[in-house]
Amino acid sequence: MTIWPLKFREFSNGEVLFADDAGGFFKSDDSFLDRYVTDQLTERDGAFLREGGHAFDTKFDLPWTSFAYRWSRRQSKQQQLSYVILVPTLRCNLACGYCQVSRAPESARGFDWTDDTLTSVLAFLDGVEGPDLKVEFQGGEPLLRLDLLEQVRDFCRARFAQSQFVVCTNLQNLGPREWAFLEADDTFISTSLDGDRLTHERQRTHDTVHTDVFFSNLDEAVRRFAPGKISALPTIDVANPPDFDALLDNFERYGIRSVYLRPVNHQGFARKLKQGEEVLSRWNALHSKFIDILIARNQETGRFMEEYYFSQCLKRVLCLGTDNHVDIRNPNFFASDYLVIDHDGRLYPTDEARMLSRIGRIDLSIGDIATGIDTAKVDVLNASSVNNFDPDCIHCAYQPFCGTDVVDDVSRYGRIDVPRADTWFCGRHTAVFDKVFEVLYRKDQAARNSVAQWSGVANWGDHMVPVHA
């Protein structure tokens, strides 16, 4: 019998999680770990490992082939471009203290697409080979240039068999023309809702008038549009977090069942805020607490809500080929299925990369809309966007489920060769996957019901998570 290498993670309760490179996992204890590392496995151990797909007897037999298939499905692959983030203006009519994009004032000049830039953007989109395209309008506040949004949408509707549009808006400026634009079935709204009214005003709108406008427009959007049309994301200040029950009450009030809890990003104006190890540990504790509150609330109300990123990580553990979120792709190829076109026509591999360039930290642009993608620069970034050979990741039980974030490393440390275990990315994701496996192995019905809903199965029980005693 040949055993695929097992990585392990020990927990404070004496349990040990084991995982192989293909993402097969089980829990056991120190006694099994001792037998494994000293090559003294019993027949019962061997039978368990074979049955779980962690071992094989003959190379190229069915268990070997099954493992190879599962491993390959864990690897992200290059895909056709199908998602673009467009920034028609960097101007904004708010001044959030932790703005990550370093917005420009609403009255500023030189921060919108020119006529030539618009022409080049449409020409670039015309060259997209796939039949479908999703367009996300970012800013600044993109509705300040509704004319540009209308021209892009009209072009895409005519050019692609299927197109979809997301407008990331602060909901401050909505007149008849804006409402008409947002009413279309192929157009969706993404906004920010940082919790209750007091928290939102403190972090974003800063005065009663702007706060009244925001909540009035959000009420109107919910009244006008069907469920699923509107998504909202809260940004959490770990030094002054909102009341999580009040936050969930507010989201549920607006019919939003998916909450993407985000810490303040280390980008743009937000770089002025302290973002050290103390903040990371506090964030991890807050996120864990939020998941517990969510599970208890779901059980009490029967109306299941999710924390989006936690659900993505959970699905990444349970389902092969789950690559919807780029942070947990591996390899995390840049300029593959998505890219960013900035207000000046520069191309970027991610939204965070354009933010770094905006503050002059480093130029991570990968070309220009007029001249195309700089493939040599993309190749340099892609060479560091894989965790399979990282000296820390290769020993981590969570490596098959996790990803990489070169841009975040550059932003925080100015380099990409910081030991993985010392990075914010690793500290955050280790805690997330710790929580994922804690919840997966819980025996209380509340956790089981939420896991079933989040993973899309009829029910959840002990038989779903292997244990070797």
Packing-based order for 2-9, 392-399, using average beta carbon neighbours within 10 Å, highest first:
392-399, 2-9
Taking only the alpha-carbon atoms of the stretch 1-138, what semi-axes of the equivalent ellipsoid follow from 5 times the gyration tensor eigenvalues under a square root, in whole Å, largest first?
54, 23, 8
The rounded separation in angstrom of the Cα centers of the stretch 12-32 and the stretch 342-368 is 42
What translational diffusion coefficient, in µm²/s and rounded to a whole number, does the Stokes-Einstein relation yield for the stretch 104-245 at 20 °C and a viscosity of 1.002 mPa s, taking the hydrodynamic radius as the Kirkwood radius over Cα pairs?
128
Among 161, 23, 216 the positive-end extreme of the charge dipole of the chain (Cβ point charges):
216
At q = 0.26, 0.29 Å⁻¹, what base-10 log of I(q)/I(0) does the Debye formula yield for the stretch 174-222 when every alpha carbon is treated as an equal point scatterer in vacuo?
-1.00, -1.11
Would you mind getting me the FRET efficiency between residue 197 and residue 299? Use the beta-carbon distance for r and R0 = 35 Å, nearest 0.05.
0.80
Treating only the Cβ of Lys, Arg, Asp and Glu as charged (+1, +1, -1, -1), what charge dipole size does the stretch 83-377 show about its Cα centre? Round to the nearest 20 debye.
460
Quick check: residue separation of residue 252 and residue 107 times 0.36 nm, minus the Cα distance between them. What number comes out in nm?
48.6 nm
Taking a quarter of the surface of the convex hull around the Cα atoms of the stretch 278-351, what do you get in nm²?
7.8
Cα gyration tensor shape of the stretch 145-206, rounded if a/c is under 1.5, else prolate or oblate by comparing a/b with b/c
prolate
Could you order the peptides 408-414, 354-360 from most to least packed, using the average number of other C-beta atoms within 10 Å per residue?
354-360, 408-414
Contour minus Cα-Cα span, residue 123 to residue 95, at 0.36 nm per residue, comes to 6.8 nm
Hey, could you get me the Stokes-Einstein D for the stretch 1-74, Kirkwood radius over alpha-carbon pairs, 20 °C and 1.002 mPa s, rounded to whole µm² s⁻¹?
168
When 1/r is averaged over all different Cα pairs and the result inverted, which Kirkwood radius in Å belongs to the stretch 266-393?
17.7
Signed unit charges on C-beta, dipole axis of the stretch 17-113, positive-most listed residue 94, 76, 37:
94
Explain nothing, just the number: dipole magnitude of the stretch 1-74 about its Cα centre with +1 on each Lys and Arg Cβ and -1 on each Asp and Glu Cβ, in debye rounded to the nearest 20.
420
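Every number here is computed from the coordinates shown, using simple stated rules; none is lab data. Small disclaimer: the values here were computed from a predicted structure and weren't measured. Quick reminder, even Gly has a Cβ in these numbers, built from the backbone with ideal geometry, and neighbours come from all protein chains shown.
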